[in-house]
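First up is the structure itself, then whatever we jot down about it.
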Amino acid sequence: MDFTKMDISTVAHGKRGDGVRYLRLFLQEYTSLFNQKVNPGCPKCLTQYLNRYKNHFKEMDKKPQYRLHAKYENIPLDFGSPILVNNANITPEYAQKLLQKNGSRYFAYIPTQEELLQADEVQKLNSIPGKEPGLDDDDALDNESNTP
């Protein structure tokens, strides 16, 4: 079920063919992904949950992510560490720390160096003020001069 393409009304009131409400399915997926208690009776909260869910998947599409196998979700970063690493909070730094100890077995997907370098370049371009992704420098200057 792809909740990223649904609006809040469909999620809150829609049903599958077998009568199971989308809201129930969405909240199950949301809690498994974010490990957070939810309030299904709060319409404002449901909108926030859906927005957070959609933004999470947009972020994952932007850059190559390290992905852990399902059985290694919430693995401690180090022995006795209070930091539990999962697919929702994994960073390249956490991944490198896990990889140091023959940790490739924990990962379902490890991005190549080329993918990581490409993602860094895109991130640097997106952080330049006045620069829009996909535009060259001349186009960015034209856009700035057209603003009142």
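The values are calculated or read from the model by the stated rules, or taken from the named source; none is laboratory data. Quick caveat, the model's predicted, so the values are computed rather than measured. When the accessible area is computed, the model is the full protein with side chains, heavy atoms only, and any ligands, DNA or RNA have been set aside. Shrake-Rupley method; radii C 1.70, N 1.55, O 1.52, S 1.80 Å.
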Region 1-111, accessible surface, carbon-and-sulfur percent (1.4 angstrom probe): 52 percent
Histogram of C-alpha separations across region 1-87, 10 Å bin width, %: 15, 41, 30, 12, 2
Could you work out the relative contact order of region 1-78? I mean the mean sequence separation of Cα pairs under 8 Å and 6+ apart, divided by the number of residues, in percent. 25 percent
Long-range amide H partners of Lys15, meaning residues 5 or more apart or on another chain whose placed amide H is closer than 5 Å, are Tyr22
Quick one: accessible area per residue over region 1-108, 1.4 Å probe, rounded to a whole number of Å²? 65 Å²
